[in-house]
Amino acid sequence: MQQIGVTASNALVSSPSFAGSATGSAGMGQEPPASSLLGPGQLQFEGPPELQFEPGQMVEGQVVGTGDAGVTLMFGDTQVTASTNGMFVPGQFVSLQVDGQVQGKWLMGVAGTHHEAPISEQDVTDSLMALDVQPTEGNVEVAKALLSMGLPLSEANIGELAQALAQLSREASPSDATAAAFLKASSLPLTGSNLGSLSSFLAMQPFIGLQLMNLETSLRRLLNGNDTRSSMSERLVELLEETPSKLGLLALAPRQQSAQALARQMADAAYQQGSGAMGPFVSDDSDLSAWLAAVRERLNSELPGHAASTMSLLSEMQQNLQAIRLLNNGAAAQGSQYLQLPLRPSNETAEARLIYHVETGGYGAAGEEIVIELLVPTTSMGTVSWRIAVCDRRVSLDVALETDAACEAVKSSLVLLTSRLEALGFEVDAPVWRRRASSEQPRLTPIRTTVFESLERIDIQA
């Protein structure tokens, strides 16, 4: 009986765990069976020394060729040719149980096979029809979002997301479906407000740095205008004058701040974006999103006809913060956090993602790797991509840059960074810097999800 499933992994062949050689029940002194005596569920091969199995062990190989000599399999990076009377197809994955070793040849039994191929929209349509769900354009998008988020494709899940998307006052878009699937996967409320703010953020991915600049400019215009300032109450003037310092909680000024000040500033930014556990340095526990809402409400009551653009900017920044908080509240259960870090004085926005292991207690768990991904816009080297992996006290650094000149320029900085990390007690692997491939886009997506086009269908035969 054939079953169809989906895998979200592109790493299809993993190297088996090979441990010491073993001799099976057939015994070392017996003649190996001739290939003509092998059953259709058996294969036999003389493996190279690096392939060592244990009787009873389950391993997986991929068929890379067939011919008169038998079937050629890949185990990780090692290729072998095995005698068999079974029928195999190139590209097929074979699950094998180790029976033992006879005169240096491994004897294995086939436990199952599967073939992986890219999933298509037709596969999704067929699956919907099998569930008695109409394969409308909206349902197909919902199904694709569910699969990309690793959720089961069931009638109940499709119905729940479709019902939530019906709350929107417009036709649902792919971004809406992705937002709904994320909220579902994260056990967050599927409300119209959550859907709207998260979907808008995913579709446009606005950057806080540009929003800060535009909002601060608009606030100065209001405060410096004689006709507008004279119409404000003292309390409103105080609110508008204090807002830039509140917004400063989100911005970093690397050239003007010490390392300690930058650490506190990053903790402040993390706190305001829903990552309150990022560090112990949060200096202000005020809710910036609530502050922006209060300023907007006060402006609307005192200057309804003169501050429309400022109120719109306040609303956009508040919605941006709320969307990132939703992302971090949901992604915490999946082991990641996403941050936007505005940079002074350029008003560009760096992005950061922290990836950690949920099962072992989150980031900082002993013996577990933590990965930090950074995307930093610079004035002289373009966009610089960082991948920093930390395990215990060992650090590896990988930097991708846009030009050869940028690669040369970053060398001295990596030497300095390495020395500073070593001074803090870390063991640092030799840093890697490379030119970014033309096909490699410098983009950090807010949600760590699998792109639908990279999903694969598995046809399983036991």
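Bear in mind these aren't lab numbers, they're just calculated from the coordinates by the rules spelled out. Nothing here was measured: the structure is a model prediction, and the numbers come from that model. We place every Cβ from the backbone using ideal geometry, glycine too, and count neighbours over all the protein chains shown.
Odds and ends about this structure:
- Bridgeable aspartates and glutamates around K184 (alpha carbons under 16 Å apart, same-chain partners fewer than 8 residues away excluded): E141, E155, E160, D176.
- Overall, the anisotropy analysis places segment 173-289 in the oblate class: the square-rooted eigenvalues a ≥ b ≥ c of its C-alpha gyration tensor yield a/c not less than 1.5, with a/b not exceeding b/c.
- Calculated from backbone phi, Karplus (6.51, -1.76, 1.60) coupling profile of segment 55-61 in Hz, x at Gly/Pro: x, x, 5, 9, 10, 10, x
- Scanning residues 5 or more positions from A253 or on other chains, those with amide H under 5 Å from its amide H are R344, with H placed 1.01 Å from N in the peptide plane.
- Two-site label geometry, S233 and E408: point separation in nm, points 7 Å out along Cα→Cβ: 6.3 nm
- Segment 222-281: mean projected area of Cα convex hull, nm²: 5.5 nm²
- For S173 and N85, the FRET efficiency from 1/(1 + (r/R0)^6), where r spans their Cβ atoms and R0 equals 51 Å, is about 0.40.
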